[in-house]
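Colleague: Encoded as structure tokens, here's the structure I'll be asking about.
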Amino acid sequence: MLLSLARSRRVLFLGGKGGVGKTTLASAVALGAARSGRRVLVVSTDPAHNLGHLWERRIGDRVSPLADGAGLGSLHGIEIDPDATTDQHLRDVATTLKRLMPRTLHGEVDKHMDLSRRSPGTHEAAVLERMTELVEQGREEFDLVVLDTAPSGHTARLMAARRR
């Protein structure tokens, strides 16, 4: 059923409680799609980084090849690093604010960004933005993007950030 669904989609989210097999299913669907000749990206939003464990390789926060070869499309994966993503998000926001403000206020921007790091929703906003970027990039470079989400509670908080 999931393979059939994946054939008709460009983006597929797999979610659920912790320990139910989200990463295994995401990888199986992605591998099945790659075996049918599609170019596939698996994106893990789970801070536990089980995708690398499953594939027995270091994947990390950059798109990395998981499987290529005879009879395969291509299969790549990425594990979003929430801390690095939050840091980059705050740097990007600070850069934008500093372009809009006089140089004398740049120190204040830095202070506010430091405070923002600990503010509710900052982490979720940064990860959600990164997911969006990866889906957009994935739709340009891949035929299918499979999102292996973090456990339900974490993903629910992430999706709730979208409505704020």
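The values are calculated or read from the model by the stated rules, or taken from the named source; none is laboratory data. Owing to the predicted nature of the structure, the values given are computational and were not obtained by experimental measurement. Cβ placement follows ideal geometry from the backbone for every residue including glycine, while neighbour counts extend to all protein chains displayed. Just so you know, the surface numbers come from the protein's heavy atoms only, side chains and all, with ligands and any DNA or RNA stripped out. Shrake-Rupley method; radii C 1.70, N 1.55, O 1.52, S 1.80 Å.
Colleague: Considering each residue of the stretch 49-63, count those that are over 13 Å from the mean Cα position of the chain (by Cα) and outside any helix (DSSP H, G or I), and give that number. Give the steps one after another, and end with the answer.
Modeller: Kept after step one, since they are over 13 Å from the mean Cα position of the chain (by Cα), are these residues of the stretch 49-63: 50, 52-58.
From the residues that got through so far, the ones that are outside any helix (DSSP H, G or I) too are 56-58.
Result for the stretch 49-63: 3.
Colleague: Can you work out which of the residues in the stretch 64-82 that are modelled with pLDDT of 90 or more and assigned to a loop (DSSP other than H, G, I, E, B) is farthest from the chain's Cα centre (by Cα)?
Modeller: Ranking the candidates gives 81 first.
Colleague: Among the residues of the stretch 134-151 satisfying the criterion of being outside any helix (DSSP H, G or I) and not charged (D, E, K, R), which is farthest from residue 17 (Cα to Cα)? If you could, list the steps in order and put the result at the bottom.
Modeller: First pass over the stretch 134-151, keeping only residues outside any helix (DSSP H, G or I): 142-151.
So of that shortlist, the ones also not charged (D, E, K, R) come out as 142, 144-147, 149-151.
Details: 142: 28, 144: 23, 145: 21, 146: 17, 147: 15, 149: 10, 150: 8, 151: 5 Å.
Among those residues, the one meeting the criterion is 142.
Colleague: Inspect the stretch 13-24 for any residue being assigned to a strand (DSSP E or B), open to solvent by less than 80 Å² (accessible area, probe 1.4 Å), closer than 23 Å to residue 141 by Cα and modelled with pLDDT under 95 and give the result as yes or no.
Modeller: First, pick out the residues of the stretch 13-24 that are assigned to a strand (DSSP E or B): 13-14.
Now drop any that are not open to solvent by less than 80 Å² (accessible area, probe 1.4 Å), which leaves 14.
Going one step further and asking which of them are closer than 23 Å to residue 141 by Cα, we end up with 14.
Imposing the further condition that a residue be modelled with pLDDT under 95 reduces the set to 14.
Among the residues of the stretch 13-24, at least one is assigned to a strand (DSSP E or B), open to solvent by less than 80 Å² (accessible area, probe 1.4 Å), closer than 23 Å to residue 141 by Cα and modelled with pLDDT under 95, which makes the answer yes.
Colleague: Tell me which residues, restricted to the stretch 104-126, are modelled with pLDDT under 90 and either open to solvent by 70 Å² or more (accessible area, probe 1.4 Å) or closer than 23 Å to residue 50 by Cβ (or both).
Modeller: 117, 118, 120, 123, 124, listed by residue number.
Colleague: Further question on the same structure: Kindly list, by first and then second residue, each pair from a residue in the stretch 116-128 that is on the phi < 0 side of the Ramachandran plot to a residue that is among the acidic types (Asp, Glu) and open to solvent by 40 Å² or more (accessible area, probe 1.4 Å), limited to pairs with Cβ atoms under 9 Å and residues at least 6 apart or on different chains.
Modeller: 117/87; 123/83; 126/87
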